[in-house]
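Student: My questions all concern the structure below.
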Amino acid sequence: MRKNVRLETITPQWLENSKMRVKESTYVKYVNLATNHILPQLGEVQVSCLTTEVIEQFVQYKLSRGKKNGKGGLSEKTVKDMLIVLKEICRYASLQDMEVPCHFDLIRVRSCDSEVNVLDRRHQVRLERFLMRDNSLKKTGILLSLCMGLRLGEICALRKENILYKEEILQVRTTMQRIQDYETDENDKTKKIRKTKIIITSPKSNCSVRDIPIPSFMLERLGRLKYRKDNVFVLTGLDNDFIEPRTLENIFKRYLTECNLDTTNFHTLRHTFATRCIEKGFDVKTLSEILGHANVNITLNRYVHSSMEQKRKWMNELTIGVLN
């Protein structure tokens, strides 16, 4: 049994081992989580000392004060991703004949801040009217999130060939994202220069590859858009030029300003779509598949909750039923 091996020693080995097994974007994510969060706090700890208690303390610290500036905690999703990376590193260490005392199955990541941002109805109507004024390709892209629940990267990667007009179906097959890239310094081959690049890959999970029925009003709008070829990007009408996620998010925020609405992030559109679907009475299984969630529980935990008005209504129904 190998002892006295620090986490900072085994982590680069695990990363190198993972490089050929996962997507490039996933590998970059692993590197960022390990470099920016895990190793600064746990790097000098010996693998044999990574107890359940040590990892639990790490998780709670990240949830409460995990941001780089120390002002506030990281999201539950980010901390869960860190825990997944830690678990995989320790599993690799175990295969290298190292003792790993942590029981990861006993650790739960719970954040107090679980609410999602949603546009209220009045603001949603104002934004919709603004977006429907003309046939702008960029406004159409934003409507695809607000009215069909597409993710930002999925919209940026969407091509005209993914819109099946006769079948009234939109196919989600790819996503776009900007990731970190490292190039060798020509003047010093031992140094790496950190840059970024855009990649278009398959979506984040198998469930994210999906076919979504197009609502009639969106089908009519999409039908008014004139594209010369099938392989062009929906947002630009060109096959060799695209709009990247960061740019579309900035355009969205500019539109919010023009509508005199408070700034929010692009994902609020998807949250708003999902919330309105629940209010309309969508069954959770159907909505989960439209959103491309990995499982129904994600949809349930994120969007299915009762307002005080709903609770009061049903309690009154119960009282009336009992009295009668």
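The values are calculated or read from the model by the stated rules, or taken from the named source; none is laboratory data. Quick caveat: nothing in here was measured; it's all calculated off a predicted structure. Here Cβ is always computed from backbone atoms with ideal geometry, including for glycine, and neighbour counts include all displayed protein chains.
Student: Identify the single condition in (1) more than 25 Å from the chain's Cα centre (by Cα); (2) closer than 13 Å to Ala93 by Cα; (3) modelled with pLDDT of 95 or more that Trp14 does not satisfy, given that it satisfies every other one.
Tutor: (1)
Student: Kindly provide the set of residues from the stretch 214-241 that are modelled with pLDDT of 95 or more and aliphatic (A, V, I, L, M), ordered by number.
Tutor: Ile214, Met218, Leu219, Leu222, Val232, Val234, Leu235, Leu238
Student: Spot the failing condition for Tyr303; the list is (1) among the aromatic types (Phe, Trp, Tyr); (2) at pLDDT below 95; (3) within 23 Å of Lys204 (Cβ to Cβ); (4) out of contact with any helix residue (DSSP H, G or I) (no Cβ under 6 Å at 6 or more places or on another chain), and only one is missed.
Tutor: (4) is the only condition that Tyr303 fails.
Student: Of all helices (runs of 4 or more DSSP H) completely enclosed by the stretch 241-304, which ones contain at least 2 residues that are buried (at least 17 other Cβ atoms within 10 Å of the Cβ) and touching a strand residue (DSSP E or B) at 6+ places or on another chain (Cβ under 6 Å)?
Tutor: Qualifying helices (runs of 4 or more DSSP H): none found.
Student: Scan the stretch 166-213 for residues that are modelled with pLDDT under 95, part of a loop (DSSP other than H, G, I, E, B) and under 22 Å from Phe242 (Cβ atoms) and jot them down.
Tutor: Scanning the stretch 166-213 gives Ser202, Pro203, Lys204.
Student: Just wondering, is there one or more residues in the stretch 81-97 that are without any contact (Cβ under 8 Å) to a residue 60 or more places away in the chain, of a type in the set (D, E, K, R) and within 30 Å of Arg254 (Cβ to Cβ)?
Tutor: The answer is no; no qualifying residue exists.
Student: Exactly one of (1) out of contact with any Phe, Trp or Tyr (no Cβ under 8 Å at 6 or more places or on another chain); (2) more than 30 Å from Val232 (Cβ to Cβ); (3) part of a helix (DSSP H, G or I) is unmet by Val109. Its number?
Tutor: Failing condition for Val109: (3).
Student: I'd like to know if the stretch 246-260 contains one or more residues that are at pLDDT 95 or above, farther than 28 Å from Ile200 by Cβ and in contact with a Ser or Thr (Cβ under 9 Å, 6 or more places away or on another chain).
Tutor: Yes, some residue in the stretch 246-260 is at pLDDT 95 or above, farther than 28 Å from Ile200 by Cβ and in contact with a Ser or Thr (Cβ under 9 Å, 6 or more places away or on another chain).
Student: Based on this model, can you work out whether Val116 counts as under 30 Å from Ser202 (Cβ atoms) and at pLDDT below 90?
Tutor: Criteria met by Val116.
Student: Still on this structure, I have one more. Which pairs turn up if I take residues in the stretch 139-156 that are touching a residue at least 60 places away in the same chain (Cβ under 8 Å) and under 15 Å from Phe233 (Cα atoms) and look for partners that are acidic (Asp, Glu) and part of a helix (DSSP H, G or I) with beta carbon separation below 8 Å, at least 6 apart in sequence or on another chain?
Tutor: Hits for this filter: Leu152/Glu249.
Student: Take Asp134 and tell me if it is part of a loop (DSSP other than H, G, I, E, B) and free of Cβ contacts under 8 Å to residues at least 12 places away in the same chain.
Tutor: Yes.
Student: What do you reckon, is Val116 touching a residue at least 12 places away in the same chain (Cβ under 8 Å), closer than 23 Å to His37 by Cβ and not in a helix (DSSP H, G or I)?
Tutor: no
Student: Taking the options Leu222, Leu291, Leu238, name whichever one is of a type in the set (A, V, I, L, M, F, W, C) and closer than 20 Å to Leu119 by Cβ.
Tutor: Just one listed residue meets the conditions, Leu291.
Student: Please go through the stretch 224-238 and pick out each residue that is within 29 Å of the chain's Cα centre (by Cα) and not hydroxyl-bearing (Ser, Thr, Tyr).
Tutor: Listed by number, the residues that qualify are Leu225, Asp230, Asn231, Val232, Phe233, Val234, Leu235, Gly237, Leu238.
Student: Residues to consider are Leu15, Leu33; find the one that is surrounded by 13 or more Cβ atoms within 10 Å (Cβ to Cβ), free of Cβ contacts under 8 Å to residues at least 24 places away in the same chain and of a type outside the set (Ser, Thr, Tyr).
Tutor: On inspection, the qualifying residue turns out to be Leu15.
Student: Oh, and also: Does the stretch 239-253 hold any residues that are within 19 Å of the chain's Cα centre (by Cα) and closer than 13 Å to Ala157 by Cβ, and which are they?
Tutor: Passing the criteria: Ile243, Glu244, Pro245, Leu248.
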